[in-house]
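Written below as structure tokens is the structure these notes are about.
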Amino acid sequence: MTRAVYRFVEHSIRHEPAGGVTYELFCTTHGCWEASGPQGDQVEAQDWALRHTGLNPGHDLFRRVFTDHARVSPTGGS
């Protein structure tokens with residue numbers, strides 16, 4: 001007969017600063033598929049949106065995406 005013992009451990013998930021953050025903006029004007037592309041600096045992504053609006057009057061609404069890295073770790077509780 002085989003026996004198994006299961007140990008359930010609580011975990012938490014938190015932002016991992018070493019992974020950095022990526023910023024990206026997408027123009028949401030109908031028919032426009034332009035995007036800033038992934039940027040390592042929020043200011044670079046924002047500057048792209050400002051330039052895009054300047055070159056394309058009326059393109060003034062953007063979707064912003066912030067991507068980070070997360071680490072899952074045991075919480076230490078039992």
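The table below lists the values:
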{"quantity": "Matching residues, the stretch 15-47, being in a helix (DSSP H, G or I), open to solvent by 70 Å² or more (accessible area, probe 1.4 Å) and closer than 30 Å to S73 by Cα", "calculated": "P17, A18"}
{"quantity": "Among residues of the stretch 48-67, those that are part of a strand (DSSP E or B) and exposed (fewer than 12 other Cβ atoms within 10 Å of the Cβ), counted", "calculated": "3"}
{"quantity": "Some residue of the stretch 4-11 being open to solvent by less than 100 Å² (accessible area, probe 1.4 Å) and in contact with a Phe, Trp or Tyr (Cβ under 7 Å, 6 or more places away or on another chain)", "calculated": "no"}
{"quantity": "Cβ-Cβ under 9 Å pairs, at least 6 apart or on other chains, the stretch 1-27 side more than 21 Å from Q46 (Cβ to Cβ) and of a type in the set (V, I, T), far side open to solvent by less than 50 Å² (accessible area, probe 1.4 Å) and part of a strand (DSSP E or B)", "calculated": "I13/S73"}
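The values are calculated or read from the model by the stated rules, or taken from the named source; none is laboratory data. Everything numeric here is computed off the predicted structure, so don't read it as measured data. Every residue, glycine among them, receives a Cβ derived from its backbone with ideal geometry; neighbour counts consider all protein chains shown. Surface accessibility is based on the protein's heavy atoms, side chains included, excluding ligands, DNA and RNA. Shrake-Rupley method; radii C 1.70, N 1.55, O 1.52, S 1.80 Å.
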